[in-house]
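Colleague: Take a look at the following structure, please.
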Amino acid sequence: MVPALASCLMPFVRLVDAETAHRLAVAALARGLIGRTRRPPDPRLACRVMGFAFANPLGLAAGFDKQAEAIRPLFGLGFGFVEVGGVTLRPQPGNPRPRVFRLAEDRAVINRYGFNSDGWATVRARIERVRAGGALPGPLWLNVGVNKDSTDPNADFAALLADAATLLDVLVVNVSSPNTPGLRDLQAGGRLGTLLDTAQAALPATGSRARLMVKVAPDLDDDALAAIIETSIARGVDGLVIGNTTLARAPTLRSRHARETGGLSGRPLFAPSTALLAKAARLARGRLVLVGVGGVASGRDAYAKLRAGAALVQLYTALSYEGPALVGRILDELSAALAADGFATVAEAVGADLRDPA
């Protein structure tokens, strides 16, 4: 099944509940029922970030392939990189169902999965099988969370990161999910510094070139954002993923599910997450790689993230509404936007709005 055909079936997929639809999509990909894109790569979109080559700057955000079941097929849709997880050190079921809600009128989703994870040992075995099958088309990222019942989150993060570093290109420390009690407290300057010290101490012994990033919340105030940036730079972190789902609920939301508990993603997150991204870019001044995620549903959205300071861009929620053909459309639109503004490469567009706000 080619991506365009799969997208045609999206109205039927939405007849089942959101979590079941998610599982069906992952299963279809894993079984090869959604074919590879035949879109030729555009050299204009190629970039090099953190020492890795990317065919394009568009990646799949964490949360879709939580258990690393469909890595190679996801690259086949055209993504330049794929982030699997979040994974926790030990298996855990997550929160009770229902825990995912479509806000169709708002092109959004609220989830309170709570890091449902098969556990690192199972996910590791799947990644090892993928790696044994040959080189991947782009960098493979892993989003790392913490078990709800963890008594020592720092030690759990360190153990998982140390074991994962030889298999992954980029490791993303998730301290911003709103669905694990106390997790966002780890974003505070002192606690984040201690966590990152522990994480960095675990990594060198592996001999890996894995890069370390931190995923932050989109709800940070200016002081908290500045503290995270300076702490991350001081601890040798490579970059920030901005940002996770939000606890905020704009009064303009129309869906009957708008007041469900959990993290909101999708279109309503685009403006605030992009504004936070631009603030981070001004504060970081090129000292961190920034990844823009939140509300990306078109090439123009991806382009706006790049111009705001992101070197790479991710999406997830829009895929659940538009289907797999969305990836190719975004890449085509992004290429056209770069050409229209006279940029020969993606790198030239990164931070353009910060250099020339007009």
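Colleague: When you check Leu306 against the structure, is it surrounded by 22 or more Cβ atoms within 10 Å (Cβ to Cβ), touching a strand residue (DSSP E or B) at 6+ places or on another chain (Cβ under 6 Å), farther than 18 Å from Asp106 by Cα and not charged (D, E, K, R), yes or no?
Modeller: Here the answer is no, as Leu306 does not meet what is asked.
Colleague: Is it the case that region 269-277 has a residue that's more than 19 Å from the chain's Cα centre (by Cα) and under 22 Å from Val173 (Cα atoms)? Reasoning before the result, please.
Modeller: In the first step, residues of region 269-277 are kept if they are more than 19 Å from the chain's Cα centre (by Cα); the result is none.
No.
Colleague: Separate question: Hey, among the residues in region 199-223 that are over 13 Å from Ser176 (Cα atoms), over 17 Å from the mean Cα position of the chain (by Cα) and part of a loop (DSSP other than H, G, I, E, B), which one's modelled with the highest pLDDT?
Modeller: This residue is Asp221.
Colleague: So which of Leu192, Leu186, Leu196 is part of a helix (DSSP H, G or I), aliphatic (A, V, I, L, M), surrounded by 20 or more Cβ atoms within 10 Å (Cβ to Cβ) and out of contact with any Lys or Arg (no Cβ under 9 Å at 6 or more places or on another chain)?
Modeller: Leu186
Colleague: Let me ask something additional. Restricting the first residue to region 250-261 and requiring it to be within 9 Å of Asp106 (Cβ to Cβ), which pairs with a second residue that is part of a loop (DSSP other than H, G, I, E, B) meet a Cβ separation below 7 Å and a spacing of at least six or different chains?
Modeller: These pairs meet every condition: Ala258/Arg249.
Colleague: Same structure again: Does Leu277 satisfy the condition of being touching a strand residue (DSSP E or B) at 6+ places or on another chain (Cβ under 6 Å) and within 17 Å of Asn244 (Cα to Cα)?
Modeller: Judged against the criteria, Leu277 is a match.
Colleague: Look at Asp163 and say whether it is surrounded by fewer than 19 Cβ atoms within 10 Å (Cβ to Cβ) and either more than 15 Å from Val87 (Cα to Cα) or touching a residue at least 24 places away in the same chain (Cβ under 8 Å) (or both).
Modeller: Here the answer is yes, as Asp163 does meet what is asked.
Colleague: A further question follows. Using the structure shown, decide if Val293 is on the phi < 0 side of the Ramachandran plot, more than 14 Å from the chain's Cα centre (by Cα) and either modelled with pLDDT of 95 or more or among the hydrophobic types (A, V, I, L, M, F, W, C) (or both).
Modeller: So Val293 fails the test.
Colleague: Quick check on region 306-332: of everything there that is in a helix (DSSP H, G or I) and of a type in the set (A, V, I, L, M, F, W, C), which residue is farthest from Ala275 (Cα to Cα)?
Modeller: The extreme case among them is Ala325.
Colleague: Answer with yes or no whether Ser335 is of a type in the set (S, T, N, Q), buried (at least 24 other Cβ atoms within 10 Å of the Cβ) and either in contact (Cβ under 8 Å) with a residue 24 or more places away in the chain or assigned to a helix (DSSP H, G or I) (or both).
Modeller: Judged against the criteria, Ser335 is not a match.
The values are calculated or read from the model by the stated rules, or taken from the named source; none is laboratory data. Keep in mind it's a predicted model, so treat the numbers as computed, not measured. Quick reminder, even Gly has a Cβ in these numbers, built from the backbone with ideal geometry, and neighbours come from all protein chains shown.
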